[in-house]
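Peer 1: Can you keep this structure in mind? I'll have questions shortly.
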Amino acid sequence: MESLQKHLRQWKDSLEINKMKDIAIVGKGGLGREVHLLIKQINDVDSLWNFVGYFDDDKDTPLDGAPYLGDLKKINTIEEPLCIAFGIGNSSIRKLLRENITNELVSFPNLFHPNLIYDSMSFRNGIGNIVFANNVISTNTEIADFVIVNLGSTIGHDVNIDSYSTINPGVNVSGNVSIKDLTLIGTGSCIIQGLTIGNNAVVGAGAVVLRNVDSHHTVIGTPARPIRTNL
């Protein structure tokens, strides 16, 4: 009986290993290491990912004990299927890096923390999105591609977040808000209902947004006001 139980445990362990997919992170700075932590937290609940290391053009910055896989050009030379997650906070750089990956063996999974609260029936999302711990996403909300939602934010009903946008920690987005491509929403900011935040806009940390934000503008303060145009 003991031998049979050991065999069954080994068989179960082999199934867990076989279903795990190889994943690497682009960017080995602070956000990249946070993505590594997120992968560990997902695996604590369900063994999905075999983390293989980091890609980064900076080969000299120390790592957290994980393998350095090479510069970004190496991604287009790999010969086995590999999932990639972007640990890059800058939206424009994230977009550029994605556009330069042409290897058809590379895929871009969504990474959602296990404690994410969301409506699974109405939530719509694309690829390459990363949602960290302690977030709430309400009903009929859509996230496009390569969006980052950092720690402890709330996203209201009927919100649309377009590709390559970044939501920093502690943000409150009210219902019926539209956040366009490449937008940065700063830590602790609040956006009231029904507004549009334009392409490549920046909402400063702690801002309270009461009016639409034009594309390529940075707004700060309470209430938020424009201070410059983003090139």
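The values are calculated or read from the model by the stated rules, or taken from the named source; none is laboratory data. Computed from a predicted model, the values in this text were never measured in an experiment. FYI the Cβ positions are ideal-geometry reconstructions off the backbone, even for glycines, and counts take in every protein chain you see. In case anyone asks, the SASA skips ligands and DNA or RNA and just uses the protein heavy atoms, side chains included. Shrake-Rupley method; radii C 1.70, N 1.55, O 1.52, S 1.80 Å.
Peer 1: Scan region 164-189 residue by residue and report those that are assigned to a loop (DSSP other than H, G, I, E, B) and either open to solvent by 20 Å² or more (accessible area, probe 1.4 Å) or charged (D, E, K, R) (or both).
Peer 2: Tyr164, Asn168, Pro169, Gly170, Ser174, Asn176, Lys180, Asp181, Leu182, Thr187, Gly188, listed by residue number.
Peer 1: Name the single residue, out of those in region 104-130 being among the polar types (S, T, N, Q) and in a loop (DSSP other than H, G, I, E, B), that is surrounded by the most Cβ atoms within 10 Å (Cβ to Cβ). Spell out the reasoning first.
Peer 2: Within region 104-130, the first condition is being among the polar types (S, T, N, Q), and the residues that meet it are 107, 110, 115, 120, 122, 125, 129.
With the extra rule that they be in a loop (DSSP other than H, G, I, E, B), the set shrinks to 110, 115, 120, 122, 129.
Values: Asn110: 16, Asn115: 12, Ser120: 5, Ser122: 14, Asn129: 22.
Only one residue fits best here, namely Asn129.
For (1) out of contact with any strand residue (DSSP E or B) (no Cβ under 8 Å at 6 or more places or on another chain); (2) of a type outside the set (Val, Ile, Thr), each residue gets a yes or a no:
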residue	(1), (2)
Val159	no, no
Ser165	no, yes
Pro169	yes, yes
Gly204	no, yes
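Peer 1: Given the criterion of a type in the set (A, V, I, L, M, F, W, C), open to solvent by less than 30 Å² (accessible area, probe 1.4 Å), part of a loop (DSSP other than H, G, I, E, B) and at pLDDT 95 or above, identify the matching residue among Ile101, Ile84.
Peer 2: Ile101
Peer 1: Identify the residue in region 147-163 that is closer than 14 Å to Leu111 by Cβ and outside any strand (DSSP E or B) and, among all such residues, is most open to solvent (accessible area, probe 1.4 Å).
Peer 2: Of all residues in region 147-163, those closer than 14 Å to Leu111 by Cβ come to 147-151.
With outside any strand (DSSP E or B) added as a condition, the list becomes 147, 150-151.
Values: Val147: 1, Asn150: 17, Leu151: 79 Å².
Looking at residues that are closer than 14 Å to Leu111 by Cβ and outside any strand (DSSP E or B), I get Leu151.
Peer 1: Identify, by number, the condition in (1) in a strand (DSSP E or B); (2) among the hydroxyl-bearing types (Ser, Thr, Tyr); (3) open to solvent by 40 Å² or more (accessible area, probe 1.4 Å) that Thr139 doesn't meet.
Peer 2: (1)
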